[in-house]
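Peer 1: What follows is a single structure, and I will ask about it in a moment.
The values are calculated or read from the model by the stated rules, or taken from the named source; none is laboratory data. Here the structure is a predicted model, which means the values were calculated and not measured. As a convention, Cβ positions derive from the backbone with ideal geometry for all residues, glycine included, and neighbour counts pool all protein chains shown.
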Amino acid sequence: MDLSPFPRIRLARLPTPIEALPRLSARLGSLRLFVKRDDETGLGLGGNKLRKLEFLLGEAQALGADTVLTVGALQSNHARQTAAACARLGLDCELILRRSTHATPPYLANGNALLDRLFGACLTIVDAAASREEAMTARADALRAEGRRPYCIPVGGSNGLGNLGYAACAEEILAQSALLGIDFASVVVATGSGGTQGGLLAGLYASGATLPVIGVAVEGTRAEQEALVAQQADLALARIGPGSGLPRARVRVIDSQVGAGYARPTPAMREAVHLAASLEGLVLDPVYTGKAFAGLIELARSGRFTPDQSMLFLHSGGSPGLFAYPESV
Ligand SMILES: *Cc1c(COP(=O)(O)O)cnc(C)c1O
């Protein structure tokens, strides 16, 4: 896999470490558990989106952009990492964020929203019914009419280019697994806009590796999310080859942790957040990684893994969200 043709700006502190979780493994009793610390990519409190932004902002800079626009939920980790990267690169940043209807006060002012403002981004808050994408396109047109050079990033930074960040992460995991002498049985990761899981699958496939990646959906149904992840994997493969697309059987998503929907707390998420924090000092978030880890616990308890199998939980970040949803955990 040759990523050298794609302009890339180094933003994340890489490689992120892989650490053992002995006390969680003992508690779950049926597997050897490891965590890949993509919550510790550094810039702006870190998270998975920085890997995608290395390629997306590489293109923005190559095109001479002066303003970066993106969309997300009001507590979007992607928006926060975009704002931090723009601060570092001296680019203007405009965020179009959707307010959720069940939000309570810390949600509007704390967590990611607080950091967005500190990083100097301009926030436009739209309500749930409005199309964020249309608002972004209209704003980009207005900026262009003023002689500015806008660059638009889709939700979650997921597209063929952004997903290359996770194709590169797949190579990183394969190299670390060889170095550590650990043959992981599976990777478990939260899946939302689909580019993290899709990029990982694309990178593994392009590298000839068969390591399974299980996505834990935080919204939507299994069928919807699998279609989205397959599409995101294919968008990445269209850039790096093989152009044939990912074999569909490799896309595996579970949807048993969604609960009432995006950012809605569940008892299993709470248990996962408390177990990781109290047994390992590992901070998960209520929206993504708490539900993803709950999915891993569900798989472990179902007897899916044998005690000698090693599992890799990809911690995708999101801890600032804890301070926006204190009542959720
Ligand atoms: C965005 C995000 C995800 C999901 O990644 P996608 O590429 O959108 O599927 C998972 N965890 C956290 C913390 C995130 O911010």
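Peer 1: Would you mind finding the one in Arg252, Arg248 that is within 27 Å of Ala209 (Cα to Cα), within 16 Å of the ligand (Cβ to nearest atom) and out of contact with any Ser or Thr (no Cβ under 7 Å at 6 or more places or on another chain)? Spell out the reasoning first.
Peer 2: Working: Arg248 fails: within 16 Å of the ligand (Cβ to nearest atom).
Criteria check complete, one pass: Arg252.
Peer 1: If you go through the range 16-65, how many residues are in contact with a His (Cβ under 7 Å, 6 or more places away or on another chain) and either away from the ligand (no atom under 16 Å from the Cβ) or part of a helix (DSSP H, G or I) (or both)?
Peer 2: 3
Peer 1: Could you please let me know if Glu40 is under 17 Å from Thr196 (Cα atoms), out of contact with any Asp or Glu (no Cβ under 9 Å at 6 or more places or on another chain) and of a type in the set (Asp, Glu)?
Peer 2: yes
Peer 1: Follow-up question, since we're still on this one. Among Val187, Val213, Val218, which is the only one that is within 12 Å of the ligand (Cβ to nearest atom) and farther than 24 Å from Ala260 by Cα?
Peer 2: Testing whether each residue is within 12 Å of the ligand (Cβ to nearest atom) and farther than 24 Å from Ala260 by Cα leaves just Val213.
Residue-wise test of (1) farther than 22 Å from Arg10 by Cβ; (2) at pLDDT 95 or above; (3) loosely packed, with under 14 Cβ neighbours inside 10 Å.
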{"residue": "Arg148", "(1), (2), (3)": "yes, yes, yes"}
{"residue": "Ser158", "(1), (2), (3)": "no, yes, no"}
{"residue": "Ala170", "(1), (2), (3)": "no, yes, no"}
{"residue": "Leu180", "(1), (2), (3)": "yes, yes, yes"}
{"residue": "Asp183", "(1), (2), (3)": "yes, yes, yes"}
{"residue": "Leu200", "(1), (2), (3)": "no, yes, no"}
{"residue": "Asp234", "(1), (2), (3)": "yes, yes, no"}
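Peer 1: May I pose another question? Among the residues of the range 226-255, write down those that are in contact with a helix residue (DSSP H, G or I) (Cβ under 6 Å, 6 or more places away or on another chain) and not in a helix (DSSP H, G or I).
Peer 2: Within the range 226-255, Gly245, Leu246, Val251, Val253, Ile254, Asp255 qualify.
Peer 1: Across the range 74-120, what is the number of residues that are crowded, with 22+ Cβ neighbours inside 10 Å, outside any strand (DSSP E or B), on the phi < 0 side of the Ramachandran plot and within 16 Å of the ligand (Cβ to nearest atom)?
Peer 2: 16
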